[in-house]
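Taken together, the values in this text are just the output of simple stated rules run on the coordinates, not laboratory data. All values derive from a computational prediction rather than experimental measurement. So basically every Cβ, Gly included, is an ideal-geometry build from the backbone, and we count neighbours across all protein chains shown.
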Amino acid sequence: MKKIISLLLVLVMALSLVACGASAPAATEAPAADNNVPMQYIKHDEAKELLESDEYVFFDIRKAADSSANSIPGALAYDMDAAKEGDAEAGKATMTEATKGLDKKIILVCYSGKRYAQAATNALSAIGYDMSKVYTLEGGFTNWSEVLPELTTNPPVAPIEIDPSIAFAGSSSLAPVIASIGEAFRAEYGTWDKVNPAFPAEEIDIPVASGGSGDGPKSVIDGTADFGMLARAVKDSEKESMGAGYTEYMVASDALTVSVNKANPITAVMDDIDTDTLRSIFAGEIAYWDELDSSLEHKEIVIVIRDLTGGAAEVFEKQVMQGTPISENAIQTPSMGALAAKIAENEYAIGYAGYGVYNQNTDKLSAFKFNGVEPTEENILNNSYTIQRPVLFCINRELDAAEQAFVDYIFSDTGRAIVEENGYIPAY
């Protein structure tokens, strides 16, 4: 009888390991991303052959909320939440304790998602464990519990009602960043129940509408979006309209670069511009390039700006124009990307391209110093480059569980990497 019970418990351990990561050949190495240590997977059916072996031990790798109750009889549960979020030292400490005096082959049970197993793999490698003895079993607890709910030792998960769609609206500067993070979130999880077993098995939907920073607070107030995106500070009047539930989330620091086409002859004779000169150019008082340097051709200066709903227009007005009207001949663009594209296509154009979009177009654009200060990450962060702005999103109520999960993802290592890929300086 004892033998039957033991076999059943071991079988439970094996069956719990379904769908953690993509299908891979038994004991084959999975490709690693970035600096991750490659994981070697072992097939479910082959793992069954090893269940009675004393050479193996199962590590049930979970997030903090799950670590107190072991759903897989016989496995050892470890909290790897901090490690999954990038705290390598916490992961090393956990795995050091877990492997003290241990000389066995380890099978990592991916309970809460592949990122947890990856964190454990990285930690085991960092502490010098023999990685030829570390496997990640294909599969996951979610699928196992659906197929064999009678074999789980946890009580059924109480369902949490959520809206499967989380809508963002506003800043055209932040829109591509949030859209990219949303795509990564969908690619990793697909449906909400993969984020949290208590969520419904509905497809993740994160629509992002780009209409300018002015639309951000407005969309939140009128209920057409859950989150408002801005590439400027939120006005006191906007905060007041959003009420006591107002909360903002700072994503990045940004600046407005004074940019011209890289082929513009001005770049050979001038690399710095002061406030008065810049104001005069955008006001139309300095209308030709040879007025800046007599060696240049008598070519008209083409001014490119954001439309007045954009956060950049308000930042440029406050930091540079200071009440002086911009020339009526200025070309207005609907987004920061369109502004940069307009400069890139006209040799004699000038505009205030955001730091993020400028970094993505350095092959086409050239940026001036402003009052002697170059628009670099260091100078933006120390505030010596003064035409700058925050990039953020806001909401006017408490987050629901799904929104909190996505916000946590935005501020994870994955989110930070995407912010940097878009040319911005992460604020976290």
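Here are some notes:
- Considering every alpha-carbon pair of the range 315-363, the percent of pairs per 10 Å bin, from zero through the bin containing the longest distance, is 23, 53, 24, 1.
- Förster radius 22 Å - calculated FRET efficiency between Glu161 and Glu183, Cβ distance, rounded to 0.05: 0.30
- Legend: calculated FRET efficiency, Ala88 to Thr224, from the Cβ-Cβ distance at R0 = 41 Å, rounded to 0.05, equals 0.50.
- Cα-based reach from Lys299 at 21 Å (exclusive), listing lysines while leaving out same-chain residues under 8 positions away: Lys262, Lys342, Lys364
- Residues Met250, Met270, Met39, arranged from fewest to most other Cβ atoms within 10 angstrom of their Cβ, appear as Met250, Met270, Met39.
- Sites matching trypsin sites (Lys or Arg not before Pro) across the range 358-420 that sit in DSSP coil, with at most 15 neighbouring C-beta atoms within 10 Å: Arg397
- Between Asp103 and Asn35, the FRET efficiency from the beta-carbon distance, with R0 = 25 Å, is close to 0.40.
- The length gained on full extension between Thr267 and Glu378, counted as 0.36 nm times the residue separation minus their Cα-Cα distance, comes to 37.7 nm.
- Pair Asp130, Ala244: separation of 7 Å Cα→Cβ label points (nm): 6.3
- Working from label points 7 Å from Cα in the Cα-to-Cβ sense, the Leu308 to Ala330 distance is 1.1 nm.
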